[in-house]
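Participant: Submitted below is the structure of interest, expressed as structure tokens.
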Amino acid sequence: MKEEIEQIQADALATIAHAVGEQELDTARIAFLGKKGRLTAASSGMKTLSKEEKPVAGQLLNAARGAITAALDTKRTALQDEADRAALEGLDLTLPGRALHSGNLHPLTQLKDRAVQICRRLGFALAEGPEIETEFHCFDALNTPPEHPARNEKDTFYFDSGKLLRTHTSTVQVRTMESQAPPVRIIAPGSAYRRDEIDATHLSVFNQLEGLYVDTDVQVGDLKGTLEFFYRAMFGEDTEVRFRPHFFPFTEPSFEIDVKLRVKGQDPRWIEIAGCGMVDPAVFEEISKSRGDDLYHPDKVTGFAFGMGIDRLAMIKWGIKDIRLLIENDARFLRQFA
Ligand code: PHE
């Protein structure tokens, strides 16, 4: 039996040494070590051996199995190395690689995220509303009567159903007060739509950020402090902010907010950036009617609201001269914000 085992081992090692591919190697493994392989067949001969011979034969069989397995492993590694070398042949591994651009968030998304982050620190929660709105939520509830120019078909996209694409995110103020008891402190970023002629500073779809704070004793000072904090966090600590009296149907008093822009090589100039004001009591009255309770009765609560264009913020922050760049999806433009 000893000779038989030695013969099998010698045959196996020779076959393995000559194998030229993974497949041949596998065939060799099966031929010698497989269930019906030669070594397995030899070990069934153990049965015929005497008690003394058995352990000796067992050792020999184990040693042969070990040697063949080791040879198989070594050969497999060698074959793989060879395949790797062949695959790399002709490649110059010292050439610089081609970098993959990993993409980045759109500047408007970055700016919106930043604005939300700043407002969150001040305790504002995120709120949402639909973009297809009723005239009530867009205008009537906001003290904007039917003859107001904003409601003109020339300015607003109406559907046959009488609904419309919201002209501002102030609709979310109304929806929030309808569904939540005061105090409320929310911001609502989202799209707004107007029939504007498209040019370097206008698109018919743009993005706004609306804010609303209603409580028992909200004052103009709160409005001013909140927005000054916001613009300094957004544009830098030394940003100057000014409030100019203005008119909005839904706030009284109302203001437009300007920030002082300092562009290198240009004289500093004030630029209009947002609208804001103290919620008009007429709005609270509409909300009370719609809710059927007096939680928002103008004798009980006061509040401030603000609204600003996110596109405009982005243009100011990064000195973007044409708003259309923000929707063209030109990778050369977008990549600059990585
Ligand atoms: N909704 C106004 C606009 O779109 C902005 C605004 C919001 C003004 C809230 C005052 C208060 O121009």
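Participant: Just give me the residues in region 129-172 being touching a residue at least 40 places away in the same chain (Cβ under 8 Å), within 16 Å of the ligand (Cβ to nearest atom) and of a type in the set (D, E, K, R), in sequence order.
Facilitator: Scanning region 129-172 gives E131, D140, D155.
Participant: Moving to a separate point now. Can you find, within region 286-307, the residue that is nearest to P182 (Cα to Cα) among those that are more than 15 Å from the ligand (Cβ to nearest atom) and of a type in the set (G, A, S)?
Facilitator: Per the stated criteria, the residue is S288.
Participant: Name the residue that is modelled with the lowest pLDDT, counting only residues in region 304-327 that are part of a strand (DSSP E or B) and small (G, A, S). Show your work before the answer.
Facilitator: Looking only at region 304-327, we keep the residues that are part of a strand (DSSP E or B), and these are 304-309.
Those still in the list that are small (G, A, S) too: 305, 307, 309.
Working: A305: 98, G307: 97, G309: 94.
Of everything passing the filter in region 304-327, G309 is modelled with the lowest pLDDT.
Participant: To continue, here is another question. For G221, indicate whether it is open to solvent by 10 Å² or more (accessible area, probe 1.4 Å) and within 12 Å of the ligand (Cβ to nearest atom). Talk me through it step by step, then tell me what you get.
Facilitator: Numbers: open to solvent by 10 Å² or more (accessible area, probe 1.4 Å): yes; within 12 Å of the ligand (Cβ to nearest atom): no.
Here the answer is no, as G221 does not meet what is asked.
Participant: From the set of residues in region 262-285 that are open to solvent by less than 30 Å² (accessible area, probe 1.4 Å) and part of a strand (DSSP E or B), which is farthest from the ligand (Cβ to nearest atom)?
Facilitator: I271
Participant: While we're looking at this one, here's another question. Of all the residues that make up region 185-203, how many are open to solvent by 60 Å² or more (accessible area, probe 1.4 Å) and closer than 25 Å to V218 by Cα?
Facilitator: Result for region 185-203: 1.
Participant: Find the residue count for region 194-206, including only residues that are in contact with a Ser or Thr (Cβ under 6 Å, 6 or more places away or on another chain) and part of a strand (DSSP E or B).
Facilitator: If we filter region 194-206 for residues that are in contact with a Ser or Thr (Cβ under 6 Å, 6 or more places away or on another chain), which is where we start, we get 194, 196, 205.
Those left that are additionally part of a strand (DSSP E or B): 205.
Count: 1.
Participant: A follow-up question, please. Return the residue satisfying two criteria in turn: it lies in region 92-109 and is polar (S, T, N, Q) and within 24 Å of I310 (Cβ to Cβ), and of such residues it is modelled with the highest pLDDT.
Facilitator: To start, the set of residues in region 92-109 that are polar (S, T, N, Q) comprises 94, 102, 104, 109.
Those still in the list that are within 24 Å of I310 (Cβ to Cβ) too: 104, 109.
Numbers: N104: 93, T109: 96.
Ranking the qualifying residues of region 92-109, first place goes to T109.
Participant: Pairs needed: first member in region 178-196, acidic (D, E); second member anywhere, open to solvent by 40 Å² or more (accessible area, probe 1.4 Å); C-beta distance under 9 Å; at least 6 residues apart or different chains.
Facilitator: E178/S290; E178/R291; D196/D155; D196/H202
Participant: Out of Y213, Y231, I need the residue that is open to solvent by 20 Å² or more (accessible area, probe 1.4 Å), among the hydroxyl-bearing types (S, T, Y) and in contact (Cβ under 8 Å) with a residue 12 or more places away in the chain. Which one? Walk me through how you get there before you give the answer.
Facilitator: Working: Y231 fails: open to solvent by 20 Å² or more (accessible area, probe 1.4 Å).
Only one candidate passes the filter, namely Y213.
Participant: What residue, among those in region 86-132 that are of a type in the set (K, R) and out of contact with any strand residue (DSSP E or B) (no Cβ under 7 Å at 6 or more places or on another chain), is nearest to R335 (Cα to Cα)? Steps first, answer last, please.
Facilitator: Step one: of region 86-132, the residues of a type in the set (K, R) are 98, 112, 114, 120-121.
Filter again for out of contact with any strand residue (DSSP E or B) (no Cβ under 7 Å at 6 or more places or on another chain), leaving 98, 114, 120-121.
Details: R98: 17, R114: 19, R120: 28, R121: 29 Å.
Filtering first and then ranking leaves R98.
The values are calculated or read from the model by the stated rules, or taken from the named source; none is laboratory data. Owing to the predicted nature of the structure, the values given are computational and were not obtained by experimental measurement. No Cβ is skipped: glycine too gets one built from the backbone with ideal geometry, and neighbour counts run over all protein chains shown. Areas reflect the complete protein model, heavy atoms only, side chains present, ligands, DNA and RNA absent. Shrake-Rupley method; radii C 1.70, N 1.55, O 1.52, S 1.80 Å.
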